1. Quick one: order H107, H146, H282 by neighbouring beta-carbon count within 10 Å, fewest to most.
2. For the chain, what is the mean residue ellipticity at 222 nm derived from helices alone (per DSSP H run of n ≥ 4: -39500 (n - 2.57); sum divided by total residues; nearest 500 deg cm²/dmol)?
3. For R223 and E321, calculate 0.36 nm times their separation in residues minus their Cα-Cα distance, and state this gained length in nm to one decimal.
4. How much length would be gained if the chain were fully extended between K173 and S285, taking 0.36 nm per residue of separation minus their Cα-Cα distance, in nm to one decimal?
5. Given the options H308, M323, Y290, identify the residue whose Cα lies farthest towards the positive end of the charge dipole of region 284-327 (+1 on Cβ of Lys, Arg; -1 on Cβ of Asp, Glu).
6. Using 0.36 nm per residue of separation minus the Cα-Cα distance, give me the extension gain between R238 and F75 in nm, one decimal.
7. Most exposed first by the Cβ proxy, i.e. fewest other Cβ within 10 Å, how do D339, D228, D301 rank?
8. Given charges of +1 on the Cβ of Lys and Arg and -1 on the Cβ of Asp and Glu, with all other atoms neutral, how large is the dipole of the chain about its Cα centre, in debye to the nearest 20?
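Values in this text are rule-based calculations from the coordinates and carry no lab data. These figures come from a predicted structure and were not determined experimentally. Glycine also receives a Cβ, built like all others from the backbone with ideal geometry; neighbour counts cover every protein chain displayed.
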Amino acid sequence: MAKSPSRPAAKPAPAKKAATKSAPPALPNRERPDQPEPFDASKDELLQFYRDMLLIRRFEEKAGQLYGLGLIGGFCHLYIGQEAVAIGLQSALDGDKDSVITGYRDHGHMLAYGIDPKLIMAELTGRQAGISKGKGGSMHMFSVEHKFYGGHGIVGAQVSLGTGLGFAHKYRKDGGVCMAYFGDGAANQGQVYESFNMAELWKLPIIFVIENNQYAMGTSVNRSSAEDQLYRRGESFRIPGLQVDGMDVLAVRGAAEEALKWVRAGKGPILLELKTYRYRGHSMSDPAKYRSRDEVQAVRDKSDPIEHVKKLLEKQGVKEEAMKDIDKEIRKIVSDAADFAENSPEPEAAELYTDVLVETY
Ligand SMILES: Cc1ncc(C[n+]2csc(CCOP(=O)(O)OP(=O)(O)O)c2C)c(N)n1
Ligand SMILES: [Mg+2]
C-alpha cells in the first residue's frame, strides 16, 4: 500500500528502559482479625436462638398471608431463609449502646431486637399502634428507643447513614458500635465506597454487614458483580473482611464477636459477608423467573438455618415434642400480633401533619 504523503514517518521506538530490579514498595503492616470460631452456645442459648429464628419465620409467613388478604399494602419484603443473620449478629450487640440500620427487608431485624411483634404487625397493616404510627409500613420501621434507625427504601443509603451513626458514636464517645446491613446488590452502589473511605480514614466504630442472599431482585450476584467475593470489597480501603456461613447461627454469632472485638478495640471498621439465601421472592410481586424451584428447594433441604439448630438441639437431648411446643407458643404470639393489628384503628387524618419536620413553622 502507498504511504500517505501527509503522514509523518514513524519515529523509531525509544529504547526500552532496563527493568528496575527493586520490588514495589511494601504495603504497611496490616493487622488482620482472627478467623472466627463458631460460638460455643449452651443448651439454653441454643434454645433461645431456635425460638428467636422461629419467631421471625412464623411472623414472616403470617405477614405473607396478611398481604395476600389485602391487609398489608405497598411493598413487603420477607426475610424467610435469612433468620440466622439477624439473630446471630444482633444477639452479640449491647442494646444500651450499639445501633442498627438496614434496608427495606427489615422485619427480622426489628424482631431480633426484641421489639414487640404486635407493634411491628400493626405497622405493616398501617395502624396507629404501629411502631412508626402506621405511617412507615414494611420498609420504614424505626425505633430510636431501641437504637434501630430503619428501615430504608433507597438501596445503599443506609450504608452512608450508618457511617454517620458510627461517626456519632465516636464523636459522643458513647462506646457504641453501629451495625449497618446491606445487600449484595447494594454492595455495587457508589456511596458504599465513599462511606468505606471515610469510615476507615476516621476509624469509625462500624460493622458493615453484607447480607449476600445471592440475588438483587432478579439478578444473581455472579451476573452483576465483577468481584463476587464480597468480603473483599473493603480491601482497597484497608477494611478487613470476613466471609461467614450466614445459614449457621453459631458461625454468625462467632463472627459477630470477632468483629465487635476488632471495632471496640478502636481498630476502625470491619466488613462481614454473610452468605445466605432468601426463599421467597424479592417482594410480594416477584414472578421468580430467574431461578428454579429446585434451586430453592435444595437450599431448604440442605442448609435451612432453623433445621440446623433443631438438629443441634436434638443432639443435646431436646425432644421433638419440646420443640413442637415452642413452635405452638410462637404461632400463638404471631396470631395474637395479627389479631391486635387487625383490631387496631388506622391513624387519624391529623397524623399526616406530625413527624414531618423537627422544627415547627
Ligand atoms: C437507589 C435505588 N436503586 C434501585 C432501587 C430498586 N431496588 C429495590 S431493591 C433492589 C435490589 C437490592 O438487592 P440487594 O441489595 O441484594 O438486597 P436484597 O433485596 O437481596 O435484600 C433494587 C435494585 C432502589 N430501591 N434504590
Ligand atoms: Mg440480595
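1. Numbers: H107 27, H146 15, H282 21.
In order of increasing Cβ crowding within 10 Å: H146, H282, H107.
2. Working: 11 runs with 141 residues, N = 361.
Here the helix-only value at 222 nm equals -12500 deg cm²/dmol.
3. 30.9 nm
4. Numbers: separation 112, 0.36 × 112 = 40.32 nm, distance 4.40 nm.
Once the chain is fully extended between K173 and S285, it gains 35.9 nm.
5. Y290
6. Values: separation 163, 0.36 × 163 = 58.68 nm, distance 3.67 nm.
Going from the current span to full extension adds 55.0 nm.
7. Values: D339 12, D228 16, D301 9.
Taking fewest neighbouring Cβ atoms as first place, the list is D301, D339, D228.
8. Values: 48 positive and 50 negative charges, 459 e Å.
So the magnitude is around 2200 debye.
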